[in-house]
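The values are calculated or read from the model by the stated rules, or taken from the named source; none is laboratory data. These numbers were taken from a predicted model, which means no experiment stands behind them. In this analysis, Cβ positions are derived from the backbone assuming ideal geometry, glycine residues included, and neighbour counts consider all displayed protein chains.
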Amino acid sequence: MKAQLRSTVAAVMLLAPVAATFIAQPAAAQQQAAPAITSMGLNADAGLSPGSTLRLQVQATPYARSASVVLGDSGIVVPLQAQSAGTFTGAYVVRRNDRIDPLQVMTARISDGQRTLTRSFSYPPAFQQLAMGNNARVDERQERREERREERREERQNAARPATTAWPRRSPT
């Protein structure tokens, strides 16, 4: 009996550190790693024009408690609500006086209550093209005006030149 008790006590003493590791692991797993923002999406029903609804989605670490997005230097902050673990969504309706520049960056911000993390994202290419497209149309119009002015200038110069008549050469007969 004493031999059996000794072997049981010895086994417990040898396995105690291993058991402590297994018991302590769930506590370590509960300790949160640094918050992270993995992706952000932006969609709109009418670009950035007044009345358009911007829909934002941020994917972050599952234990983040709050999230928001700042739209460039416009000062517009869109609060996001948690839809599921790590997925935050929000919407914003563009107002007439809003000056949102899609060539700037959007900043996503998440917090887990103790730490806050920010990450910058560019606007999607379609939004950037809208901004550049307006400038491109203005540039095209200016180029066409310049071409027309140049054509008129050439026409005036040609009209101001003295007319010359070319006489056919006579063939020797």
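Tabulated values for the structure
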| item | result |
| --- | --- |
| First in the range 80-100 and free of Cβ contacts under 8 Å to residues at least 40 places away in the same chain and under 25 Å from residue 47 (Cβ atoms), second anywhere and of a type in the set (Gly, Ala, Ser) and outside any strand (DSSP E or B), Cβ under 8 Å, 6 or more apart | 88/64; 99/74 |
| Residue in the range 51-69 that is without any contact (Cβ under 8 Å) to a residue 24 or more places away in the chain, surrounded by 12 or more Cβ atoms within 10 Å (Cβ to Cβ), over 12 Å from residue 110 (Cα atoms) and not polar (S, T, N, Q) present | no |
| Given (1) over 16 Å from residue 123 (Cβ atoms); (2) surrounded by 11 or more Cβ atoms within 10 Å (Cβ to Cβ); (3) at pLDDT below 95; (4) of a type in the set (A, V, I, L, M), number of the condition residue 28 does not satisfy | (2) |
| Among the candidates 145, 137, 141, 156, residue that is in a helix (DSSP H, G or I), at pLDDT below 80 and within 25 Å of the chain's Cα centre (by Cα) | 137 |
| Flag if residue 20 is modelled with pLDDT of 85 or more, more than 15 Å from the chain's Cα centre (by Cα) and outside any loop (DSSP other than H, G, I, E, B) | no |
| From the options 107, 164, 116, 173, residue that is closer than 28 Å to residue 49 by Cβ and either modelled with pLDDT of 85 or more or among the β-branched types (Val, Ile, Thr) (or both) | 107 |
